[in-house]
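The values are calculated or read from the model by the stated rules, or taken from the named source; none is laboratory data. Everything quoted here is computed from the prediction, not taken from an experiment. Here the Cβ positions follow ideal geometry from the backbone for every residue, glycine too, while neighbour counts run over all protein chains shown.
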Ligand code: ATP
């Protein structure tokens, strides 16, 4: 079966610095797939390249078999790939509703936009209750909900989440990850980047380890949780993350 998203031998550089030196992975429809690895391993760069925000030096990104690595970001978004970036990147002085609308900027179907906005409020009731409030006044967890909600406003087939647990309490992290599972169960495919390897692997159908810009290991979440190499480097005492 052809993967929904297939990344092949991706190489991405910032000037002379090669941040990604050979990343390959597949995401099948309906899966949660995680990319885990230490700080600076190249995970964020990989997501930004899939989104069309960066151009690869070489390699291929196939969406349903179609190469997308030369398309502009807005076309990739229109094809159903949404990105909730590291650090959330919300507009602090804009309301919840205004931030959500920005996630739907490529859409012309107002009825569909309103329906998806209601779906976000059903998923995260606190956002609905405070829809007129400015995003900058929210807690970290609420801001993360809003960042995910904004990505959902393009009605994506593939939702890419970069470090959604960053800076959140364990309880809030659990809530966010429960929501990710709910979205997967409702049919959204999820590509997750996380330094919190334990939580990410427990949630994932499949995962890949990225080390120094290369994919080095892959397996089901359960297989990688049980792998001594993963335990030593990312889960246990002396883990580098
Ligand atoms: P993190 O979890 O810290 O975001 P990461 O695995 O996502 O880590 P990247 O952010 O993709 O890693 O960074 C990979 C490498 O590229 C690092 O060595 C980083 O210093 C470098 N890098 C990232 N962004 C830039 C940039 N704008 N210019 C130059 N180098 C960069």
Next item on the list: Please work out which one of (1) part of a strand (DSSP E or B); (2) within 13 Å of the ligand (Cβ to nearest atom) is the condition residue 6 fails and give its number.
Entry: (2)
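May I ask you to list the residues in the stretch 56-68 that are under 16 Å from residue 83 (Cα atoms) and within 16 Å of the ligand (Cβ to nearest atom)?
First, pick out the residues of the stretch 56-68 that are under 16 Å from residue 83 (Cα atoms): 61, 63, 68.
Across the stretch 56-68, the qualifying residue is only 61.
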Notebook entry, point to check: Which of the residues that make up the stretch 181-200 are in a helix (DSSP H, G or I) and either over 22 Å from residue 87 (Cα atoms) or in contact with a strand residue (DSSP E or B) (Cβ under 8 Å, 6 or more places away or on another chain) (or both)?
Noted result: 181, 182, 183, 184, 185, 197, 200
Note to self: Consider the stretch 15-54. How many of its residues are touching a residue at least 12 places away in the same chain (Cβ under 8 Å), surrounded by fewer than 22 Cβ atoms within 10 Å (Cβ to Cβ), assigned to a strand (DSSP E or B) and within 9 Å of the ligand (Cβ to nearest atom)?
What the structure shows: 2
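Residue by residue, here is whether (1) under 30 Å from residue 36 (Cβ atoms); (2) modelled with pLDDT under 95; (3) assigned to a helix (DSSP H, G or I); (4) in contact with a helix residue (DSSP H, G or I) (Cβ under 8 Å, 6 or more places away or on another chain) holds:
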site: 101; (1), (2), (3), (4): no, yes, yes, yes
site: 107; (1), (2), (3), (4): no, yes, no, yes
site: 111; (1), (2), (3), (4): no, yes, yes, no
site: 115; (1), (2), (3), (4): no, yes, yes, no
site: 126; (1), (2), (3), (4): yes, yes, yes, yes
site: 131; (1), (2), (3), (4): no, yes, no, yes
site: 147; (1), (2), (3), (4): yes, yes, yes, no
site: 178; (1), (2), (3), (4): yes, yes, yes, no
Notebook entry, point to check: For residue 163, all conditions in the list (1) within 16 Å of the ligand (Cβ to nearest atom); (2) touching a residue at least 60 places away in the same chain (Cβ under 8 Å); (3) under 22 Å from residue 5 (Cα atoms); (4) in contact with a helix residue (DSSP H, G or I) (Cβ under 7 Å, 6 or more places away or on another chain) hold save one; what is the number of the exception?
Noted result: (4)
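In the stretch 171-178, is there at least one residue being touching a residue at least 40 places away in the same chain (Cβ under 8 Å) and at negative phi?
Here is the first cut: in the stretch 171-178, the ones touching a residue at least 40 places away in the same chain (Cβ under 8 Å) are none.
Checking the stretch 171-178: not a single residue is touching a residue at least 40 places away in the same chain (Cβ under 8 Å) and at negative phi.
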